[in-house]
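Asker: Quick one: the structure is below, questions incoming.
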Amino acid sequence: MRYEGNIYRPPPEADAYILQCTIGCSYNKCTYCAMYKDIRYRVRTIDELKQDIRMAQASFGDKVEKVFLSDGDAISLPTEMLLVILSELYRVFPKLNHVSTYAGPQSTLDKSLDEFKKLRDAGLTMTYLGVESGSDEVLKAVRKGVSSEEMLTAGQNIVESGIKLVAMVMIGLGGRGELSKQHAKQTAKLINMMNPYLLGLLTTVAIEGTALSRLVEKGDFTLLDSYEVLEEVKVLLDTLNREELLIDSTHASNLLPMKGSLQAIKPEVIDKIIHTLLNRDSNIIGKAYLGRF
């Protein structure tokens, strides 16, 4: 396989063949993100991609069942180009049953619902949307480039098309203070309206070299401590009301790994968080809470 730069993919796509459709991210301005900062965004040609697919066929034969389209936002590609890529993948790999990609909110909004339905019919099965927050104040502060209303529209178009949506949000992205509760509540309300297939939780950390890291160093942004993170998780869970919603917080950044439906994990997790906050019991941190997926 041939790749340019560092390759990133969501944890659930660890066993997927990665097809690098673009180099870098079409937006690449978020304050917390360290990915793709050393490369300029560009789209690879169809000829290059078809060559890569043939190379993968030579290496893997007919064993490929999952494909992840990278880099940061393959949804930014023209729809007709994506349709050609999907057609070629399913032609070459007869066992293929899952094709996914990251989706940036701006490029998602650039596509119509009809375009997403065409992509679903062509075999795009899942997208990972970086929602991050439901608070307009937080979204503006981290330079996400869209409002909460626009983010909702982007997510709803994916859901309505029949493509499974994984909405990713970041605990602690509002920092310490009143904005923490606002961030958690408004994020949960946005997720309730968006109704994704799965909610992926990450915890905000200051990665070296990012704008957020510089704000932390200057004292202009304060990361949450462990107990504040748990408080925000509790507010989020208390406000979520889609009982069938799947939640996955097993990402390495999280203090409290959870995996299961909201209905299955919410009561026990909230009880444990309350106990921890009352007693400052650190034993909960790092303990996994698993329901049924």
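The values are calculated or read from the model by the stated rules, or taken from the named source; none is laboratory data. This structure is a prediction, so every number in the text was calculated from the model and none was measured. With ideal geometry, Cβ positions are generated from the backbone for all residues, glycine too; neighbour counts draw on all protein chains shown.
Asker: Can R280 be described as on the phi > 0 side of the Ramachandran plot and of a type in the set (D, E, K, R)?
Answerer: Here the answer is yes, as R280 does meet what is asked.
Asker: Looking only at segment 234-282, which residues are among the small types (G, A, S) and part of a helix (DSSP H, G or I)?
Answerer: A264, S282
Asker: Among the listed residues V205, V216, identify the single one that is within 17 Å of the chain's Cα centre (by Cα), surrounded by fewer than 22 Cβ atoms within 10 Å (Cβ to Cβ) and of a type in the set (V, I, T). Explain how you work it out, then say what you get.
Answerer: Values: V216 fails: within 17 Å of the chain's Cα centre (by Cα).
Of the residues listed, the single one that is within 17 Å of the chain's Cα centre (by Cα), surrounded by fewer than 22 Cβ atoms within 10 Å (Cβ to Cβ) and of a type in the set (V, I, T) is V205.
A quick yes/no check of all residues on (1) more than 21 Å from P12 (Cβ to Cβ); (2) in contact with a strand residue (DSSP E or B) (Cβ under 9 Å, 6 or more places away or on another chain); (3) in contact (Cβ under 8 Å) with a residue 40 or more places away in the chain; (4) crowded, with 18+ Cβ neighbours inside 10 Å:
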position: H251; (1), (2), (3), (4): no, yes, yes, no
position: L255; (1), (2), (3), (4): no, yes, yes, yes
position: M258; (1), (2), (3), (4): no, yes, yes, yes
position: S261; (1), (2), (3), (4): no, yes, no, no
position: I265; (1), (2), (3), (4): no, yes, no, yes
position: S282; (1), (2), (3), (4): yes, no, yes, no
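Asker: With of a type in the set (K, R), surrounded by fewer than 17 Cβ atoms within 10 Å (Cβ to Cβ), assigned by TED's automatic domain parsing to the domain that holds Y17 and touching a helix residue (DSSP H, G or I) at 6+ places or on another chain (Cβ under 8 Å) as the only criterion, which of K95, K63, K111, K117 stands out?
Answerer: That would be K117, the only listed residue that is of a type in the set (K, R), surrounded by fewer than 17 Cβ atoms within 10 Å (Cβ to Cβ), assigned by TED's automatic domain parsing to the domain that holds Y17 and touching a helix residue (DSSP H, G or I) at 6+ places or on another chain (Cβ under 8 Å).
Asker: Further, regarding this structure: Give V216, V205 a once-over and let me know the one that is under 21 Å from E178 (Cα atoms), part of a helix (DSSP H, G or I) and β-branched (V, I, T).
Answerer: Testing whether each residue is under 21 Å from E178 (Cα atoms), part of a helix (DSSP H, G or I) and β-branched (V, I, T) leaves just V216.
Asker: Taking the conditions exactly as written (touching a helix residue (DSSP H, G or I) at 6+ places or on another chain (Cβ under 7 Å) and either crowded, with 17+ Cβ neighbours inside 10 Å or free of Cβ contacts under 8 Å to residues at least 60 places away in the same chain (or both)), does A141 satisfy them or not?
Answerer: So A141 fails the test.
Asker: Would it be correct to say that D47 is within 24 Å of the chain's Cα centre (by Cα), more than 22 Å from T127 (Cα to Cα) and free of Cβ contacts under 8 Å to residues at least 40 places away in the same chain?
Answerer: No; evaluated as a whole, the condition is false for this residue.
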